[in-house]
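Accompanying notes for the structure given below.
The values are calculated or read from the model by the stated rules, or taken from the named source; none is laboratory data. Note that the structure is a prediction, hence the values are computed from the model and not measured. Please note: Cβ atoms are built from the backbone with ideal geometry, for glycine as well, and neighbour counts cover all protein chains shown. Accessible surface areas use protein heavy atoms only, side chains included; no ligands, DNA or RNA. Shrake-Rupley method; radii C 1.70, N 1.55, O 1.52, S 1.80 Å.
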Amino acid sequence: MLFPILSSFLIINLFDLSIAKKQKQINIKCADLRVGQYRCQHPKIDEKTQEPVGCERHPFLLNGEEEYIDTAPISCYTAPKIICQGGIYNETLDGYIFERRKSCRWTNGKYYRTTLILSLFLGIFGIDRIYLGYYVSGLLKLFTCGFMFVGTLVDFLLIALQVLTPADGSHYIVDYYGPRILWTEFNENRTYLKPQNY
């Protein structure tokens, strides 16, 4: 008599656990998946800006100051047998296709090489500062001979090190594998760079 009661109790508990496990899997959002549960395609690179296609600047408030975050969409797909919300099921992949945002460098048309050449040859006249949008300091450099040549040298170094960037807060247009200043990051986005063609 005790054996049938215990076996029925065990079957009911296993059935309840399987339902809870299925519900837990269904409630996972595709954006919350961990590395290894999905793969992303390489982003398509815009030939004009040398950044991923669709790179946009999104403003937000942080401690009362307006900050920006630059992101671009990339297409990702889950590993087989992983169920998530917010994606479209694809039978050939046996997984879900969804979109993630990848960090990028929003540009507004200012070329790094052009700025560097202007600073080297015409920096004494403040043309580099005017090109970047710093009109007042550009005119000051013009009337003071580049701050007595010291300002010209300092500006050239700041531009070469990409410390002095355009006035609107954008980044320079630099070749995708060009001399970019990148912070070292340890996340899944750093693994999706465009493969270099030799």
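For the reader, a short list of remarks on this structure follows.
- For first residues located in segment 139-167 and touching a residue at least 40 places away in the same chain (Cβ under 8 Å) and assigned by the TED database to the domain that holds I127, partners that are open to solvent by less than 30 Å² (accessible area, probe 1.4 Å) and charged (D, E, K, R) and lie 6+ apart or on another chain with Cβ distances below 7 Å form the pairs I159/D128.
- Condition check for E99: open to solvent by 60 Å² or more (accessible area, probe 1.4 Å), acidic (D, E) and modelled with pLDDT of 90 or more: yes
- Pairs meeting the criteria (first residue in segment 49-69 and within 28 Å of R113 (Cα to Cα) and assigned to a strand (DSSP E or B), second residue open to solvent by 40 Å² or more (accessible area, probe 1.4 Å) and β-branched (V, I, T), beta carbons under 6 Å, at least 6 apart or on different chains) are H58/I69.
- Flag for L118 being in the same structural domain as M148 (by the TED database) and over 22 Å from the mean Cα position of the chain (by Cα): yes
- Y112 open to solvent by less than 70 Å² (accessible area, probe 1.4 Å), of a type in the set (F, W, Y), over 14 Å from the mean Cα position of the chain (by Cα) and within 30 Å of C145 (Cβ to Cβ): yes
- E47 passes every criterion in (1) open to solvent by 100 Å² or more (accessible area, probe 1.4 Å); (2) at pLDDT 90 or above; (3) of a type outside the set (S, T, N, Q); (4) more than 30 Å from Y111 (Cα to Cα) apart from (4).
- Pick from segment 118-151, criterion of a type in the set (V, I, T) and in contact with a Gly (Cβ under 6 Å, 6 or more places away or on another chain), ranking: least open to solvent (accessible area, probe 1.4 Å): I124
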